[in-house]
């Protein structure tokens, strides 16, 4: 039987994404897979995407809820990569047949005005690096059946990254109280969930700082001009062809995705 390694795992996950097929977690067959190796798999998949012509445009954070972190046994968010191919232009439909089982969650989105490099980044320092804040919707699409995975599995799978759309209203951080910035999540015109920025690590700046420090341990940094999706504020909503998912923020406007 072929042994598991970073290259094989990257190929298996990349093929699942390209073929729009799900599978069981890697750890079912590779019980020794750990978090550090999960990030090596993630980075190998990114290397292949860049080699194929995609461009890195930022990062996404996952597991920014403290309750979820405690359940998974970690103390900081996960990070995943965003590329230009994942951008869903405003007004463009989400073509669900291009994905496996997409779900959508509302996010506060940062655009970095300067490079942010750990270690020892504080929330205050993190916010100094943010140029503008936007509303966003992220489409997550795990390559694992029923979104069943362990921590190393989801890291290897690039934190379920798939698509995202950013709103048109950009505000300076000084104009907002992000811990209190509220959102309403609608599915087909019905409000199904709500949250404030405090759902993201207590404050999205805390999540950004932890991400910068986590990346620093891998010799990486957040670059000027990058987008940072700071993590789902509510539970993710299921999609269906013909459906509509929208988020409405207090000060950051609204973002809508129509599904087909």
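The values are calculated or read from the model by the stated rules, or taken from the named source; none is laboratory data. Given the structure is predicted, the values throughout are model-derived calculations rather than measurements. So basically every Cβ, Gly included, is an ideal-geometry build from the backbone, and we count neighbours across all protein chains shown.
Here is how the numbers come out for the structure above:
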quantity	calculated
Scope the stretch 144-162; condition out of contact with any helix residue (DSSP H, G or I) (no Cβ under 7 Å at 6 or more places or on another chain) and in a helix (DSSP H, G or I); matching residues	145, 146, 147, 159
First in the stretch 49-69 and on the phi > 0 side of the Ramachandran plot and touching a residue at least 60 places away in the same chain (Cβ under 8 Å), second anywhere and part of a loop (DSSP other than H, G, I, E, B) and crowded, with 22+ Cβ neighbours inside 10 Å, Cβ under 6 Å, 6 or more apart	63/77
Some residue of the stretch 60-79 being at pLDDT 95 or above and surrounded by fewer than 12 Cβ atoms within 10 Å (Cβ to Cβ)	no
Qualifying positions in the stretch 17-26 - surrounded by fewer than 18 Cβ atoms within 10 Å (Cβ to Cβ) and touching a residue at least 24 places away in the same chain (Cβ under 8 Å)	20, 21, 22, 23, 24
Among the residues listed as 174, 168, the single one being modelled with pLDDT of 95 or more, in a helix (DSSP H, G or I) and more than 24 Å from residue 68 (Cα to Cα)	174
Any hit, the stretch 189-212, residues being in a loop (DSSP other than H, G, I, E, B), at pLDDT 95 or above, under 15 Å from residue 121 (Cα atoms) and in contact with a helix residue (DSSP H, G or I) (Cβ under 9 Å, 6 or more places away or on another chain)	yes
Residue within the stretch 80-87 that is buried (at least 18 other Cβ atoms within 10 Å of the Cβ) and over 20 Å from residue 227 (Cα atoms) present	no
Qualifying residue in the stretch 117-136 (condition: within 14 Å of the chain's Cα centre (by Cα) and within 29 Å of residue 188 (Cα to Cα))	yes
Pick from the stretch 229-243, criterion surrounded by fewer than 16 Cβ atoms within 10 Å (Cβ to Cβ) and out of contact with any helix residue (DSSP H, G or I) (no Cβ under 9 Å at 6 or more places or on another chain), ranking: nearest to residue 139 (Cα to Cα)	238
Qualifying residue in the stretch 201-217 (condition: over 30 Å from residue 75 (Cβ atoms) and surrounded by 23 or more Cβ atoms within 10 Å (Cβ to Cβ))	no
Any helices (runs of 4 or more DSSP H) falling wholly within the stretch 29-138 and containing at least 3 residues that are within 23 Å of residue 165 (Cα to Cα)	35-51
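For every residue, the table says whether it meets (1) within 26 Å of residue 32 (Cα to Cα); (2) in contact with a strand residue (DSSP E or B) (Cβ under 8 Å, 6 or more places away or on another chain); (3) crowded, with 22+ Cβ neighbours inside 10 Å.
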{"residue": "144", "(1), (2), (3)": "yes, yes, yes"}
{"residue": "153", "(1), (2), (3)": "yes, yes, yes"}
{"residue": "157", "(1), (2), (3)": "yes, yes, yes"}
{"residue": "164", "(1), (2), (3)": "no, yes, yes"}
{"residue": "174", "(1), (2), (3)": "no, no, no"}
